[in-house]
Every structure is written in structure tokens, then in C-alpha cells.
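Engineer: Below: one structure in C-alpha cells.
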Amino acid sequence: MEDNTYLSIAYLGMILGLAIWTWTTISRSRKLELRIIAMEESLNVKQSEADSIAVLNDNTTE
Amino acid sequence: MRVKSGDMLLIAGFSGLMLTLYLAFNWAPSVNINAFQSPEAQRIFYWHVPAAWAAFIAFAVLFIGSALWFFKRSPLGWKLHVAGSEAGLACGLMAVWSGCVWGAAEWGTPWDWQDYRLNTFGLLTLLALFLVLGRQSQPDGVESRDTFSTFGLYGFVLVPITYIATRIWVIRHPGPVIAGDDDSSISGDMAIVLMIGALSFTLLIIGHIMTSVEITKFEQRIDRLQKELDGE
């Protein structure tokens, strides 16, 4: 293979990987955000950001 | 929909990477054709080195997060552990992929099992893969978080070994291009493009880590809301 073929394969692979990773991360964030809004509206609860596993662990150790 | 600071960093990082790519192909000088088997393929390094640099940042975040969770039970620590392992896997795979393609062009083989840097960096990427896949297959709990954090803590030992590998055991992988000895320095224009690439990857990875921290926060909130919904 020629030098430029290797160069293209390397960059296309990295661009594709970067695009998939970023797209997955952003779309996951958006979907979860919308799901939370829907759940909180249906439950009529206030926003809370506590980590239930860490809180559970704190309660057990106290 | 509001634009978050993580998104802004991602956009800035992407723009910088595109600029790096343009400069790498159109502005950066070629290397000495007598010194390389595949002189044009050398241009791979404008993303390869910054990707490896970003992977090291991610592994440092993974280490800090693992330590914060393991010793302090910090919720932020766990979020950093998750973000660090995901970012470390993505950047590690990019560095390994581009390195393999360059190795195939320059050395005639994509991997050298005797080269310390290749193998220690490969192990680091595999560790990140184990952490990402392992977390997805295990129920979230104190025990599973402790186990994964321990791997995150011990795995970081490979980072300084990988960093100094080309300084101590030069086998096949080229020596350091930045902060190396006098023989390893690169030309000014090449260094500028490389620096733009490193800065862009740094912005991108910070943006990814911020978004990933937010995702973990969302998942935890959904978990709690689901428990409320189930009446627990």
C-alpha cells in the first residue's frame, strides 16, 4: 500500500471513532435528560442530585 | 435547548482538531525522506500523539476518581471514575489504532510484542475496556464500585511506566518528541501543529468528561425516581 493510503486509513478510523463516541455521549445525555423531566413531572417531585449508592453506604456505616 | 459548557468545549475541541488536520496536510513540513520508510505516513502523529496525551489525562482522572471513591466514598469520585474510564478507552483506542496503522506502514508490522511502550499502553487501554464493559454488566453497588476502583488505582501504575518506557528501553517506538533529549526535537512548524492538536484533544476530553459526569448524575437520578415510582 502507498503512504497516503495508510494515512487515510488511520485518520478515517480516528474520525469515525471520535464521531461515534461523541454522538453516543451527547444523544445519551439528551435522552436521559428528557426521561428525567418526564418522570419528575409524572411523580411531581423536586430535583435532587444525591448518589443513592453513596447515601446508602453512608447510612450503613453510621 | 440550552448549550452546556461541556458542549462548548466539545465544539471547540472538534474545531481545533479539524484545524490540526488541515495544517498537518497543507502546512506542516515533510520529514526527511531518508530517515523514514514511509515519510508521508508520519503525518499520522499529529493526532496520534495528542490522542495518547488525552488518554493519559483520562487515566489520571480515572485514578483520582477511583481514589476519591475508594478512600472517601465521594459521589463525585465515582462520576470521575466512570468518565475517566470511558474517555481513556476512546482515546486509548484512537492512539492504538493510529499507531498500528503507522507501524504497518513504517515497520511492516502493526504491533511489536517486545516494545515496552506499545504493550504497557495496550494494557492500559484494555484495563479501560474492562472497566467500561464490567460496569455495564454488573449491578451498581458499593462492592462493585470498590472492585472497579481498585483496578483504577492499580492500573495507574502503568502510566509512569508507559511514559518513561521510550526513555529507558528504546526498542521500536520512537523516543519522546516533546521534553526529550536534543536528538528528539522536532522542527518549529511541526511542533506548532502538534501543540494545536494537543490543546484540541485536551479541550475535547474535558468536554467529554464533563458530559459523562452529567450522564452518571442523570442515571443516578433516574434510578432514584424509579425506586420512588416502585414505592420502595
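The values are calculated or read from the model by the stated rules, or taken from the named source; none is laboratory data. Source: prediction; values computed, not measured. A quick note on method: Cβ atoms are made from the backbone with ideal geometry, for glycine too, and the neighbour counts reach across all protein chains shown.
Engineer: If B:Phe59 passes every condition in (1) touching a residue at least 12 places away in the same chain (Cβ under 8 Å); (2) surrounded by fewer than 22 Cβ atoms within 10 Å (Cβ to Cβ) but one, which one does it miss?
Structural biologist: Only one criterion is unmet by B:Phe59, namely (2).
Engineer: Continuing with this model, one more query. Could you give me the residue pairs with C-beta distances under 7 Å whose first residue belongs to the range A:1-16 and is within 17 Å of B:Glu106 (Cβ to Cβ), whose second residue is in a helix (DSSP H, G or I) and among the acidic types (Asp, Glu) wherever it lies, and which are 6+ apart or on separate chains?
Structural biologist: Going by the 7 Å Cβ cut-off, the qualifying pairs are A:Asp3/B:Glu40; A:Asn4/B:Glu40; A:Leu7/B:Glu40.
Engineer: Any residue at all in the range B:7-16 that's facing another protein chain (nearest Cβ under 8 Å), closer than 21 Å to B:Phe218 by Cα and crowded, with 16+ Cβ neighbours inside 10 Å?
Structural biologist: Yes, some residue in the range B:7-16 is facing another protein chain (nearest Cβ under 8 Å), closer than 21 Å to B:Phe218 by Cα and crowded, with 16+ Cβ neighbours inside 10 Å.
Engineer: A further question on this structure: One residue is enough: does the range B:36-47 have a residue meeting the conditions part of a helix (DSSP H, G or I), surrounded by 14 or more Cβ atoms within 10 Å (Cβ to Cβ) and either in contact with an Asp or Glu (Cβ under 6 Å, 6 or more places away or on another chain) or away from chain A (no Cβ under 11 Å) (or both)?
Structural biologist: yes
Engineer: Conditions: (1) of a type outside the set (S, T, N, Q); (2) surrounded by 21 or more Cβ atoms within 10 Å (Cβ to Cβ); (3) under 17 Å from B:Ile206 (Cβ atoms). B:Trp69 meets all but one. Number of the miss?
Structural biologist: (3)
Engineer: Looking at (1) more than 7 Å from chain B (Cβ to nearest Cβ); (2) at pLDDT 85 or above, find the lone condition where A:Gly17 falls short.
Structural biologist: All conditions are met except number (1).
Engineer: Is there a residue being surrounded by 20 or more Cβ atoms within 10 Å (Cβ to Cβ), away from chain A (no Cβ under 14 Å) and over 30 Å from B:Pro39 (Cβ atoms) anywhere in the range B:108-124?
Structural biologist: So far as the range B:108-124 goes, no, none of its residues is surrounded by 20 or more Cβ atoms within 10 Å (Cβ to Cβ), away from chain A (no Cβ under 14 Å) and over 30 Å from B:Pro39 (Cβ atoms).
Engineer: Are any residues in the range B:170-209 of a type in the set (Ser, Thr, Tyr) and either at pLDDT 65 or above or exposed (fewer than 14 other Cβ atoms within 10 Å of the Cβ) (or both), and if so, which ones?
Structural biologist: Within the range B:170-209, B:Ser187, B:Ser200, B:Thr202 qualify.
Engineer: Turning to a different aspect of this structure: For the range B:53-79, name all the residues that are among the aliphatic types (A, V, I, L, M) and either under 30 Å from A:Leu12 (Cβ atoms) or modelled with pLDDT of 95 or more (or both).
Structural biologist: Once the filter is applied, which keeps residues that are among the aliphatic types (A, V, I, L, M) and either under 30 Å from A:Leu12 (Cβ atoms) or modelled with pLDDT of 95 or more (or both), the range B:53-79 yields B:Ala54, B:Ala55, B:Ile57, B:Ala58, B:Ala60, B:Val61, B:Leu62, B:Ile64, B:Ala67, B:Leu68.
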